[in-house]
Amino acid sequence: MDLNDHLRDIPNFPKPGIIFKDITPLLGHAEAFAESIRALSAPYTDSAITAVVGIESRGFIFGAAMARYLNCGFVPIRKPGKLPAHTISRSYDLEYGSDCVEIHADALAAGERIVIVDDVLATGGTLAAAVGLCQDIGADIVGAACLVELAFLRGRSTITCPLHTVITIGE
Ligand code: AMP
């Protein structure tokens with residue numbers, strides 16, 4: 001099965017010039033969704049992963065399913081002000097301005113073996129901040145996984161842990 005066949009390009013969303021990779025057709029197709037979880041999880045089945053860390057919001061969909069597949073817990077990384085208990089945060093630069101990601105300070109015990117997950121790797125800013133956040137709380141980052149890598153944006157070069165991607169677009 002070619003999972004790329006189950007993605008849809010939406011030009012000029014959310015702003016002019018962006019081609020948005022819409023994952024909703026894949027999510028709605030039982031076999032494609034199952035295959036995406038198998039493919040995302042494949043490198044980690046024998047890695048004694050204790051938690052999958054998903055990045056808001058589409059990383060929650062893949063991350064939660066991966067956690068069930070890998071039989072481990074799930075931990076959310078969220079946008080500012082969403083998590084109710086004590087958090088730690090990391091800011092990162094965008095093309096214009098900056099953004100921030102947060103995790104509960106007690107979400108991961110030191111030495112937990114984790115995989116960090118998002119749907120699309122673009123410039124890498126979001127995933128790099130998530131990796132930094134998990135390093136800050138002492139987790140053992142086994143790897144990061146994204147369903148889609150927009151390779152022409154060179155986001156991979158910003159990620160300091162092993163990176164697994166399933167669908168590569170452009171060079
Ligand atoms: P970045 O920090 O630039 O790597 O952007 C990654 C985040 O933005 C991910 O959470 C993606 O869901 C989202 N994203 C960025 N570019 C796209 C795109 N072309 N299509 C779909 N999602 C995108």
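Looking at this structure, is residue 165 without any contact (Cβ under 8 Å) to a residue 60 or more places away in the chain, under 11 Å from the mean Cα position of the chain (by Cα), more than 10 Å from the ligand (Cβ to nearest atom) and crowded, with 16+ Cβ neighbours inside 10 Å? Break it down into steps so the answer makes sense when it comes.
Numbers: without any contact (Cβ under 8 Å) to a residue 60 or more places away in the chain: yes; under 11 Å from the mean Cα position of the chain (by Cα): yes; more than 10 Å from the ligand (Cβ to nearest atom): yes; crowded, with 16+ Cβ neighbours inside 10 Å: yes.
Considered against the rule, which asks whether it is without any contact (Cβ under 8 Å) to a residue 60 or more places away in the chain, under 11 Å from the mean Cα position of the chain (by Cα), more than 10 Å from the ligand (Cβ to nearest atom) and crowded, with 16+ Cβ neighbours inside 10 Å, residue 165 comes out as yes.
Collect the residues in segment 48-74 that are within 16 Å of the ligand (Cβ to nearest atom) and in a strand (DSSP E or B), keeping them in residue-number order.
Those that are within 16 Å of the ligand (Cβ to nearest atom) and in a strand (DSSP E or B): 52, 53, 54, 55.
Scan segment 100-150 residue by residue and report those that are part of a helix (DSSP H, G or I) and within 10 Å of the ligand (Cβ to nearest atom).
Initial filter on segment 100-150 (part of a helix (DSSP H, G or I)): 125-136.
Selection gives 125, 126, 127, 128, 129, 130.
Filtering segment 110-137 down to residues that are under 17 Å from residue 47 (Cβ atoms) and surrounded by fewer than 21 Cβ atoms within 10 Å (Cβ to Cβ), which residue is nearest to the chain's Cα centre (by Cα)? Break it down stepwise before answering.
Start the filter on segment 110-137 by keeping residues that are under 17 Å from residue 47 (Cβ atoms), which leaves 111-117, 131, 134.
Next, from what is left, pick out any that are surrounded by fewer than 21 Cβ atoms within 10 Å (Cβ to Cβ): 111, 113.
Details: 111: 20, 113: 16 Å.
Filtering first and then ranking leaves 113.
Residue 157: free of Cβ contacts under 8 Å to residues at least 24 places away in the same chain and within 12 Å of the ligand (Cβ to nearest atom), yes or no?
no
So residue 102 passes all but one of these: (1) under 23 Å from residue 49 (Cβ atoms); (2) surrounded by fewer than 16 Cβ atoms within 10 Å (Cβ to Cβ). Which condition number does it fail?
(2)
Just checking, does segment 24-35 include any residue being touching a helix residue (DSSP H, G or I) at 6+ places or on another chain (Cβ under 6 Å), within 20 Å of residue 128 (Cα to Cα) and within 16 Å of the ligand (Cβ to nearest atom)?
Looking for residues that are touching a helix residue (DSSP H, G or I) at 6+ places or on another chain (Cβ under 6 Å), within 20 Å of residue 128 (Cα to Cα) and within 16 Å of the ligand (Cβ to nearest atom), one finds none in segment 24-35, hence no.
Read the figures in this text as sums done on the coordinates, not as results from a lab. Keep in mind that this is a model prediction, so the values were computed, not measured. Note that each Cβ is placed from the backbone with ideal geometry, even for glycine, and that neighbours are counted across all protein chains shown.
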